[in-house]
1. Please find, among R81, R86, the residue that is in contact with a helix residue (DSSP H, G or I) (Cβ under 9 Å, 6 or more places away or on another chain) and outside any helix (DSSP H, G or I).
2. When residues of segment 193-213 are filtered for being away from ligand 2 (no atom under 16 Å from the Cβ), in contact (Cβ under 8 Å) with a residue 60 or more places away in the chain and not hydrophobic (A, V, I, L, M, F, W, C), how many remain?
3. Residue pairs, Cβ under 9 Å, 6 or more apart or interchain, first in segment 176-192 and under 16 Å from D135 (Cα atoms) and open to solvent by 30 Å² or more (accessible area, probe 1.4 Å), second among the aliphatic types (A, V, I, L, M) and part of a helix (DSSP H, G or I). List them.
4. Does segment 49-62 contain at least one residue that is within 15 Å of ligand 1 (Cβ to nearest atom), in contact with a strand residue (DSSP E or B) (Cβ under 6 Å, 6 or more places away or on another chain) and farther than 22 Å from P175 by Cα?
5. Take the conditions under 24 Å from M179 (Cβ atoms), hydroxyl-bearing (S, T, Y) and outside any helix (DSSP H, G or I) and apply them to S92. Does it pass?
6. What do you reckon, is V219 within 16 Å of ligand 1 (Cβ to nearest atom), surrounded by 17 or more Cβ atoms within 10 Å (Cβ to Cβ) and at negative phi?
7. Scan segment 56-68 for residues that are assigned to a loop (DSSP other than H, G, I, E, B) and open to solvent by less than 10 Å² (accessible area, probe 1.4 Å) and jot them down.
8. Among L245, L162, which is the only one that is open to solvent by less than 30 Å² (accessible area, probe 1.4 Å) and of a type in the set (A, V, I, L, M)?
Amino acid sequence: MSNTDFTLAVEDLTVSFDGFKAIDALNLYIDRDELRVIIGPNGAGKTTLLDLICGKTRATGGSIKFKNEELTRMAEYQRVRLGIGRKFQTPSIYENLSVFQNLEVSYPEGRSVFGALAFKCTDAVRDRVQAVATDIGLGDRLDTEAGLLSHGQKQWLEIGMLLMQEPELLMLDEPIAGMSARERELTAELLQRICKNRSVIVIEHDMEFVARIAHKVTVMHQGKILAEGPMDKVQADPKVIDVYLGH
Ligand code: ADP
Ligand code: MG
């Protein structure tokens, strides 16, 4: 496989904050339809890596290629348009709009120069909202005000808002934080469904959850990759055990 076949190819990526390298000459390759989980102790650089990929933070050096297109000098909105979706730790849903409306305003054409108000709700949009709502387990909650949803349902709604844009790469930072056991289970199923036709990167601490969803696991430490591979191999790696016991 050549580097041009990957959905995402990160090479020699570096970012320094006042001389401190939060990401240090990092290489990472994500396949099509792969669900990759990134783990690592606090401060390893996991969130910073996602910030660099989505364009929230600018790289100091190195390359980030998405479907073989260089991203590093591209603005955040351009990366969204190319098909990169990023979910942050705190959900940014519209609490006073319904589930339906939250999904509707996330439909790409809804954000034209005329804004969401001038946007007509066509059958195509309605169908897409229904399909996404079903996918995220909110198919029968379309009229519910988002503010009234449970914590877990709000997280799923935000994932749904990203899915409305049909991203080819979806990145989620600690998606199950604060969720109940049942919500975690449903989230695992949701992630397994949505990686069937897109690549997904998940940052997560809960090892049981990681083992359940990961195709491959990448362990980060001090801005670098410490280990990478199937969950069982990575967990048995003395370098990995060392880093976790040391914290
Ligand atoms: P993780 O998500 O793995 O816990 P982060 O990516 O949040 O780690 O942080 C990695 C390191 O980079 C930390 O030491 C953090 O303090 C530092 N860092 C992150 N963002 C900035 C920033 N904007 N300015 C300065 N230091 C930062
Ligand atoms: Mg983090």
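1. Every option except R86 fails the conditions.
2. Of the residues in that region, 4 qualify.
3. Partner pairs satisfying both residue conditions: Q192/I213.
4. Yes.
5. So S92 passes the test.
6. Here the answer is yes, as V219 does meet what is asked.
7. Selection gives nothing.
8. L162
The values are calculated or read from the model by the stated rules, or taken from the named source; none is laboratory data. Quick caveat: nothing in here was measured; it's all calculated off a predicted structure. Positions of Cβ are generated from backbone atoms using ideal geometry, with glycine treated the same way; all protein chains shown enter the neighbour counts. Side chains included, ligands, DNA and RNA excluded: accessible areas come from the protein's heavy atoms. Shrake-Rupley method; radii C 1.70, N 1.55, O 1.52, S 1.80 Å.
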